[in-house]
There are 2 protein chains.
Amino acid sequence: MANAVDERTRALQERSSALVTAQASDPRADIAAERRRASFAPEPLTYLLNGGKAKVERRAELARILTQTPWADKSNRHFLSREEEYVGGLRAALGIWRKMKDEGLGMQDGLMMRQLVDWPGGLELHIGMFIPTIMSQGDAEQQAKWMPLCTSLQVIGTYAQTELGHGTFVRGLETTATFDKQTQEFVIHSPTLSSTKWWPGGLGKTATHAVVMARLMLPDAATGRVADHGPHAFIVQLRCPDTHRPLRGVTVGDIGPKFGFNGVDNGFLQLDHVRIPRDHMMQRFSRVTPEGVYVPPPPANAKASYATMLYVRADIVRNAGYFLGRATTIAVRYAAVRRQTAPAPGERELQVLDYQNTSGTLLPLVAATYALWLMGDDMMAKYKRFEADRDRGEFGALPELHALSSGLKAVCTWITADGIEECRRTCGGHGYSQLSGLPSLFASYVQNVTWEGDNNVLCLQTARFILKTMAASAAKGGAGPAPGGSAAHLAAGELRRELGARCAARDEACWLQPDTVAAALRHRASRLAVTAADTLRAAAGGRLAFEGAPWNGSTLALIAAARAHCELQLALNFYAALQRWSSEGALSPVCLAALSRLAALFGLGRLELGLADLLEDGYMNGAQAAALRRASRGLLAALRPDAVALVDAFGFEDYYLHSALGRHDGDVYRALLDMAQPSPLNATEEGPAWEGVLRPAMQAARRGGGGVAPPLSKL
Amino acid sequence: MANAVDERTRALQERSSALVTAQASDPRADIAAERRRASFAPEPLTYLLNGGKAKVERRAELARILTQTPWADKSNRHFLSREEEYVGGLRAALGIWRKMKDEGLGMQDGLMMRQLVDWPGGLELHIGMFIPTIMSQGDAEQQAKWMPLCTSLQVIGTYAQTELGHGTFVRGLETTATFDKQTQEFVIHSPTLSSTKWWPGGLGKTATHAVVMARLMLPDAATGRVADHGPHAFIVQLRCPDTHRPLRGVTVGDIGPKFGFNGVDNGFLQLDHVRIPRDHMMQRFSRVTPEGVYVPPPPANAKASYATMLYVRADIVRNAGYFLGRATTIAVRYAAVRRQTAPAPGERELQVLDYQNTSGTLLPLVAATYALWLMGDDMMAKYKRFEADRDRGEFGALPELHALSSGLKAVCTWITADGIEECRRTCGGHGYSQLSGLPSLFASYVQNVTWEGDNNVLCLQTARFILKTMAASAAKGGAGPAPGGSAAHLAAGELRRELGARCAARDEACWLQPDTVAAALRHRASRLAVTAADTLRAAAGGRLAFEGAPWNGSTLALIAAARAHCELQLALNFYAALQRWSSEGALSPVCLAALSRLAALFGLGRLELGLADLLEDGYMNGAQAAALRRASRGLLAALRPDAVALVDAFGFEDYYLHSALGRHDGDVYRALLDMAQPSPLNATEEGPAWEGVLRPAMQAARRGGGGVAPPLSKL
């Protein structure tokens, strides 16, 4: 059938191009016209966003190579069964692994290929958690033993922390590791149903080993008592290297399909008194002696161990920008070529992007993409400064950085998760097709609001820092330590001044000034911080109670304060990056002007969401709010001609996007038709239900002469 | 492996129950305790919501039967390939069809079974569009010919309107039906690529016939010109009854996978000069004579034809309540048994529902479920009144009803689509598993914001009505016709009074009064209606321009007005239903008290979202806003003990929910483990990648003695 479709479709496309009338239009011409009308050429911005021209060109080259590499081919990606998706994901990961080794490629190429191929599989946690845990928590001997096994893939590992009944609260884990002095072994055991390890990627069918987080239990021979030293990391072998079958005492399997990420075999694991050697405990920082005595970690270690967490969160923030960028690229390009509703009979239908509600959805999300992307760059720079500080034993900036990274992880992943779905909806019916690329983008992204710390829990950590910083500064009659960096506005004196401040915007034009927007966002962050503290004090009889019922009963105000705090940082960082680019002279003035409008749109968008806070406390009056809204709408119109250029600038290749609607050339309808042909239902003309299901029912009816069935018109 | 898991899990569950300590807890005991602490028993409310005790019991009986019926079995539902999902969906639909026929079951049983089995398939549009089109647009002869073929399934139809390049704008359709007087046939033709029919359910591989919407083209032999009479409906046979293969000139197939609904074979169709007899045009209202003369429909028909649309929208609103009810049932039950974070070492972890941000997410969604459910009932009642009016030729209420049904379809589906995803997120990691039931619920629901009229487009229809109503009433110095019903507040005099009104709430307690909340919602709806009109006038030089650039450039304000209008109706209807129930005496006073709190929470939640509007125009001051927020928070605490009872009251069976987390008995962890076992990856212990992919790579590495691969720790 594919051939019949092909032939007929080619003929139809030729006719479509010839017939650009009121009805038929050529989307390729529409997107070309969009590029001509843009105020700037996107290439210099693409280079700036992606680390320079050389990197951008290398990535494009890799994309070209991968397009023709069987294990990286995407044309069948949307049609795979769960098993095929799992096997294909592993094959792709091993393909990259082998290509790097065979061709001596570096880390940058490896990272680019992993991103381009975009097929998470059974090796994710081997690469992302098992190896890093050995490197960071194993001692020299352990690293020497395990690393060659890991990099040569004689061992494939995973990281088993989460249990069926225990997620974010690590201290609640139930799995035990009890030391047996006699045999110099640990006995790893799952004592209850809810202690079943659940979720680790690669655990189901791929991993031969796991880092298992278990409570270290040390029996005291003299008293008979068992001391519980809390969760520690142990390497447990799960499968036989010859048969890949589970070892005795190990019950392991796949946990079934998820919303997305179905190439990954997330698994479950029950351990029934499984014995491992004493040196399988990760013992760089703490250890158990042959006599069964616990040697605790040095106190400095706790702070140093934040490095991994900060890195992971910075990476999540950076990824939030990429993911939202993919969604906005697809949605903006499609909205530029999709036409709906003619203003009058005989006229051409309008580009969907020309409806205010469409640009009012998409342009703020394009602005958010830039805000997140730039924040990701900044977080990575902050992480590197932290590493340097750490190596000098300097941890002063840690609390602020920890609070910032917690809250930004939450706020950025919320913006992106919700933003992808908004993009999908603006694509109308075709956004519901997997061929648009958007449903799978959403489904694979949304776990980001949950993993690596549930967003609400992370916001509460940021809120705790905010309240503690305020309290410390307010101590001694306001003479406590003055916070710096992202927390500078929480100093007692600053807060006092800020709460009395009033918005200075006189008209619409004022709202286009970064200072006006930043001042309002700062006021909101300050106000909500104070409100959160007041709420908590009211619930706890005047105290700042950081746990228990008063805290748990005040979380809405606390989370609101954390979000406002982080939104302020996102806007400030956006403005700062533009100022830097402007002084560096890397971009044309027209491009900078467009980006300035985008930054203003981002800031105003955040303010619109928080307008009630600013009106309620008297910072702003009704006329100022109305002017703000008009300024925001005006920016939509001003940015409209640059919409396509602004997403082109992200530099995403067609191979990477893998979307019928997001194609660079705008040929969306041809792409939908082409991409649908390999659908497994199209394998035969009559379809898979004809022989066994439809034919018997329909032919029985014909033989029976049409026996009357119940009236079904409203079933 | 399933057996090993089973045995070990049983043992672990026994231990878990015995070990209800700080770590391990029994979720079954938790949910039982929730039911004991509720202020009311849910059964009377269940009967009231579901049309009486008899219906509820009949549904439960059908659920019991279906649980044991092979074609209705759900245990494997999450593990199917696309082909299996398609074949299974058809088998289930035919199973219901045959059961109704064999056992002489009525419509109510059929509807209940379709809902319970919950497996959309290739017959959806045969039942939902093909048959109804013949019944409503076919003449008596056509009905007599086609209906027996349809009900006996000798013919399976679909409804092909949407084209690749044409969605909501029906007048833009490109497919043509050109009359050939010589042969007394219509020639149906797809002239361009973008005219390819795209999306119809069942079109891909199931349907033998389609109602095709095509522009009726009548050539005039004398002049040689062709008159275009716009879209009309034609029955086109697509497939051979013996082989089920496409007829000559018909190119048809499946459009590939979607976000959800993958049991349905949505299809594409290109017609290459396909000829059909003249009497295959649906000719109840308009027709073409043998001489090729067009007989147009009578003018009254246009109004009568709104009936189907109103019915479909009322049905969507009712379904919005059911779908959100499913999500809230799952999320609330799981939040009641899920425990995270102990307040102090050694203490039990807290129920997630006791964190304010969890109840602050879930309880407003429970409230919204009731609001939508009751609105659906009311819309159905309104639809029935419309039918009665129509039969008397009375169409006076139509414009208001049409505007209301448009806006409510949009607002209700937005609330439900977003609400399901919010419910999913509150379930943490396990909400990401398909076994929770929530990912597929979201993915199958979200097309509701797009189909049957894109939500934004529908809101604009409501906005058009609002502005026209205001303008009409304001004509003649305010002496124009006074609107009634849901539009009463748009009368010129009412608006004048309302714009000067000020909120009377003196304290928190005032915000618990329905009148205070309703007054504020009414003020907001009035204010946003006036703002929308002002915005449009400002864009159009003082005129109300209902199309063109001024209208398209004002859509944000217009949509905001429509949303506020509908939110007011939702709250008023909720209050009215409670008053009716109260006077009927069907519920206990404690149950009514809980529902009153819920209605207040719904209204306050809508007001919180629109607080800026009310502060900006001076209706409310900061102190009143703060009191409103406190009242809302207070309701969360007051409703907390009734959370589980309020979702139990919806009466959803475990079979229907098919969710590991939403089980009535709370045994969630056992359910997750059990439901995961049939995962196709678990078919063998070593998994599907071992032989072909993992084994060669890993064993080569062992033979090679561990060749060094690139440093991958940060890949």
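Scanning segment B:303-346 for residues that are β-branched (Val, Ile, Thr) and farther than 25 Å from B:Thr168 by Cα, we see that the one that is modelled with the lowest pLDDT is B:Thr341.
From the list A:Arg37, A:Arg28, A:Arg15, the lone residue that is modelled with pLDDT under 75 and either open to solvent by 60 Å² or more (accessible area, probe 1.4 Å) or more than 23 Å from A:Leu672 (Cα to Cα) (or both) is A:Arg15.
Answer yes or no as to whether B:Met620 is among the aliphatic types (A, V, I, L, M) and more than 7 Å from chain A (Cβ to nearest Cβ). Answer is yes for this residue. Residue count for segment B:521-543 under the criterion of being open to solvent by 40 Å² or more (accessible area, probe 1.4 Å) and touching a residue at least 24 places away in the same chain (Cβ under 8 Å): the result is 3.
With respect to A:Gly453, is the statement that it is within 14 Å of chain B (Cβ to nearest Cβ) and either out of contact with any Lys or Arg (no Cβ under 9 Å at 6 or more places or on another chain) or under 24 Å from A:His664 (Cα atoms) (or both) true? Considered against the rule, which asks whether it is within 14 Å of chain B (Cβ to nearest Cβ) and either out of contact with any Lys or Arg (no Cβ under 9 Å at 6 or more places or on another chain) or under 24 Å from A:His664 (Cα atoms) (or both), A:Gly453 comes out as no.
Would you check if there is a residue in segment B:156-168 being within 30 Å of B:Thr289 (Cβ to Cβ) and of a type in the set (A, V, I, L, M, F, W, C)? Yes - at least one qualifying residue is present in segment B:156-168. Residues of segment A:392-421 that are in a helix (DSSP H, G or I), of a type in the set (D, E, K, R) and more than 14 Å from chain B (Cβ to nearest Cβ): A:Glu400, A:Lys409. Among helices (runs of 4 or more DSSP H) entirely within segment B:498-593, having at least 3 residues that are within 30 Å of B:Ala645 (Cα to Cα) singles out B:514-539, B:555-584.
One residue alone among B:Gln161, B:Gln154, B:Gln182 is open to solvent by 10 Å² or more (accessible area, probe 1.4 Å) and either outside the structural domain of B:Gly249 (by TED's automatic domain parsing) or under 19 Å from B:His244 (Cβ atoms) (or both), and that residue is B:Gln154. Of all residues in segment A:662-687, those being open to solvent by 10 Å² or more (accessible area, probe 1.4 Å) and assigned to a helix (DSSP H, G or I) number 7. Taking the criterion of being within 17 Å of A:Gln270 (Cβ to Cβ), more than 7 Å from chain A (Cβ to nearest Cβ) and of a type in the set (Asp, Glu), the only residue of segment B:669-692 that qualifies is B:Asp674.
Scanning segment B:325-358 for residues that are of a type in the set (Gly, Ala, Ser) and away from every other protein chain (no Cβ under 11 Å) yields B:Gly325, B:Ala327, B:Ala331, B:Ala335, B:Ala336. The residues listed here are B:Ser190, B:Ser136; of these, the one that is open to solvent by less than 10 Å² (accessible area, probe 1.4 Å), over 15 Å from B:Asp265 (Cα atoms) and of a type outside the set (A, V, I, L, M, F, W, C) is B:Ser190.
Scanning segment B:49-73 for residues that are open to solvent by 30 Å² or more (accessible area, probe 1.4 Å) and of a type in the set (S, T, N, Q) returns B:Asn50, B:Thr67, B:Gln68.
Only one residue in A:Arg326, A:Arg333 is open to solvent by less than 10 Å² (accessible area, probe 1.4 Å), on the phi < 0 side of the Ramachandran plot and charged (D, E, K, R). Which one? Going through A:Arg326, A:Arg333 in turn, just one is open to solvent by less than 10 Å² (accessible area, probe 1.4 Å), on the phi < 0 side of the Ramachandran plot and charged (D, E, K, R): A:Arg333. Has segment B:375-384 got at least one residue that is over 19 Å from B:Ala649 (Cα atoms), in a loop (DSSP other than H, G, I, E, B) and without any contact (Cβ under 8 Å) to a residue 60 or more places away in the chain? Checked segment B:375-384: no residue is over 19 Å from B:Ala649 (Cα atoms), in a loop (DSSP other than H, G, I, E, B) and without any contact (Cβ under 8 Å) to a residue 60 or more places away in the chain.
For (1) in contact with a strand residue (DSSP E or B) (Cβ under 8 Å, 6 or more places away or on another chain); (2) basic (Lys, Arg), each residue gets a yes or a no:
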{"residue": "B:Thr223", "(1), (2)": "no, no"}
{"residue": "B:Phe234", "(1), (2)": "yes, no"}
{"residue": "B:Arg245", "(1), (2)": "yes, yes"}
{"residue": "B:Gly253", "(1), (2)": "yes, no"}
{"residue": "B:Asp265", "(1), (2)": "yes, no"}
{"residue": "B:Val274", "(1), (2)": "yes, no"}
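Of all the residues in segment A:238-259, those that are more than 8 Å from chain B (Cβ to nearest Cβ) and open to solvent by 10 Å² or more (accessible area, probe 1.4 Å) number 6.
Inside segment A:40-84, residues that are farther than 30 Å from A:Ser596 by Cα and of a type in the set (Gly, Ala, Ser) make up a count of 4. Could you tell me whether any residue of segment A:491-503 is within 27 Å of A:Arg524 (Cα to Cα), more than 21 Å from the chain's Cα centre (by Cα), buried (at least 22 other Cβ atoms within 10 Å of the Cβ) and not assigned by TED's automatic domain parsing to the domain that holds A:Ala560? Checked against the condition, which is being within 27 Å of A:Arg524 (Cα to Cα), more than 21 Å from the chain's Cα centre (by Cα), buried (at least 22 other Cβ atoms within 10 Å of the Cβ) and not assigned by TED's automatic domain parsing to the domain that holds A:Ala560, segment A:491-503 yields at least one hit.
The values are calculated or read from the model by the stated rules, or taken from the named source; none is laboratory data. Just so we're clear, the structure is a prediction, and the values are computed from it rather than from any experiment. Here the Cβ is made from the backbone with ideal geometry for all residues, glycine too, and neighbour counts use every protein chain on show. Ligands, DNA and RNA are stripped out before the accessible areas are found, and what is left, the full protein with its side chains, is counted by its heavy atoms. Shrake-Rupley method; radii C 1.70, N 1.55, O 1.52, S 1.80 Å.
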